[in-house]
1. What is the calculated FRET efficiency for Ala100 to Arg36, with r their C-beta to C-beta distance and R₀ = 30 Å, to the nearest 0.05?
2. Residue by residue through segment 82-99, which ³J(HN,Hα) values in whole Hz follow from phi under the Karplus form 6.51 cos²θ - 1.76 cosθ + 1.60 (θ = phi - 60°), with glycine and proline marked x?
3. Can you figure out the FRET efficiency of Glu131 with Ala75, using R₀ = 41 Å and their beta-carbon distance, to the nearest 0.05?
4. Rank by packing, highest mean first: peptides 72-82, 124-134, with packing defined as the count of other Cβ atoms within 10 Å averaged across residues.
5. Simple spin-label model, 7 Å along Cα-to-Cβ: Arg28 to Leu107 in nm?
6. Let me know the shape class of segment 49-128, please: from the alpha-carbon gyration tensor, a ≥ b ≥ c as square roots of the eigenvalues, rounded when a/c is under 1.5, otherwise prolate if a/b is greater than b/c, or oblate.
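Every read-out reported here was derived from the displayed coordinates using simple, explicitly stated rules and does not represent laboratory data. Predicted, not measured: the structure shown is a model, and the values here were computed from it. Cβ coordinates were reconstructed from backbone atoms using ideal geometry, including for glycine residues, and neighbour counts include every protein chain displayed.
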Amino acid sequence: MNVARAGSCSVPIRKGRLAVAKHEDALRWMALSDERFIEKVLSEQLDDSDACGLDPKTHALVRLGALVALDAAPASYQWNASVALASGATVDEIVGVLIAVAPTVGLARVVSAAPEVAVAIGYDIDAALEEANGRDATLRGA
């Protein structure tokens, strides 16, 4: 049996045809908690989008959604946002990830992540909030 390489995963070939599609193998191995497969997935480089078949921009945006779900540390948002921007993501797409995951991960996680993501994309949210509070106070006549 020959082995074809697709990204960084091996897929067996029999008589010039794929025996089982790559995604089917991966799903089966994950469902079975196959030690070799899990070890391979966990050993992949953080920026290796070839392993999952996603383009680098999509890979970074999906990873950002996962960080929000985990309520990650601020440094994680900083690193991931820089990778996303370097991969061609726009700041609107990065903010769009927060909006997209909110119904699934919950508003508390998104509210917690928003200031960290703002810093990561170069938006000084504290200054913007102070300015907005000043305007609101002026409008109220305070």
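1. Working from the Cβ atoms, E equals 0.35.
2. My calculation for segment 82-99 gives 5, 5, 4, 5, 5, 8, x, 6, 9, 5, 5, 5, 5, 5, x, 4, 4, 5 Hz in order.
3. Computed FRET efficiency for Glu131 and Ala75: 0.95.
4. 72-82, 124-134
5. For the pair Arg28/Leu107, the computed spacing is 4.5 nm.
6. Oblate, since a/c reaches 1.5 and b/c is not below a/b.
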